[in-house]
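One structure is given here, and the rest of the page talks about it.
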Amino acid sequence: MKKTLIIIGILALVMIIGVFGYYNKLITANEAVDGQWAQVESQYQRRFDLIPNLVESVKGVMGQEKEVFGMIAEARTKYAGATTVNEKATAAGEVESALARLLVVMENYPQLKSADTVQTLMAQLEGTENRISVERGRYNDQVRGYNTMTKRFPGNIMASIFGFNERNYFESATGADVAPTVNF
């Protein structure tokens with residue numbers, strides 16, 4: 001009888017330790033996803049810091065392209081007001097679309113491409129876009145690991161008990177695969 005109680009006590013202790021261990025894994029994975037999203041946002045901030053300088057440099061040469069500048073400003077405002085990852089991802093897609101239009105416009109102005117300021121800003125923006133792409137990939141990797149953990153048995157039970165829900169991947173904005181066209 002005493003051996004049975006000891007065995008039951010040991011099994012209960014092992015189960016409790018397992019629950020706490022899995023809970024800590026879920027916390028760690030959730031924090032990794034949040035941390036990686038912060039990296040994505042850090043690169044977005046770098047982009048948003050560069051955009052006004054690029055826009056001002058380009059504005060001086062092509063004042064008639066106010067529509068593109070308005071789109072960029074509106075997309076940046078939407079991003080600033082976004083509160084969820086999905087809203088921020090959608091707003092970031094709008095920024096990318098507006099930037100793509102600006103780049104198409106700039107292709108039609110050879111005097112812009114030769115301006116040192118514009119060239120420097122474009123190089124910095126290109127580097128930032130590459131960093132954003134890398135950070136988004138890392139974010140999606142973290143989300144995949146977290147989601148796998150919350151969907152596999154026994155993690156799915158633990159996740160539902162402790163309120164850990166599936167996280168969304170970063171996905172491209174609708175129409176991002178189509179190059180923008182600008183008509184003069």
Using the basic label-point model (7 angstrom from Cα toward the beta carbon), what is the Ala12 to Phe153 distance in nanometres?
2.6 nm
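Treating only the Cβ atoms of Lys and Arg (+1) and Asp and Glu (-1) as charged, compute the dipole magnitude of the stretch 2-158 about its Cα centre; round to the nearest 20 debye. Before the final figure, lay out each step's value.
Numbers: 18 positive and 17 negative charges, 219 e Å.
With only Lys, Arg, Asp and Glu charged at Cβ, the dipole is about 1040 debye.
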Just in the stretch 136-166: which trypsin sites (Lys or Arg not before Pro) are loop by DSSP and have at most 11 other Cβ atoms within 10 Å?
Arg152
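Run the numbers for Asp49 and Ile161: contour at 0.36 nm per residue of separation, minus the present Cα-Cα distance, in nm. Present the calculation step by step, with values, prior to reporting the outcome.
Numbers: separation 112, 0.36 × 112 = 40.32 nm, distance 4.21 nm.
Length difference between fully extended and current span is 36.1 nm.
Any read-out appearing in this document is the output of simple, stated calculations on the displayed coordinates, not a laboratory observation. The model shown is predicted, which means the values in this text are computed figures rather than measured ones. Reconstructed Cβ throughout: ideal geometry from the backbone, glycine too, with neighbour counts over all protein chains shown.
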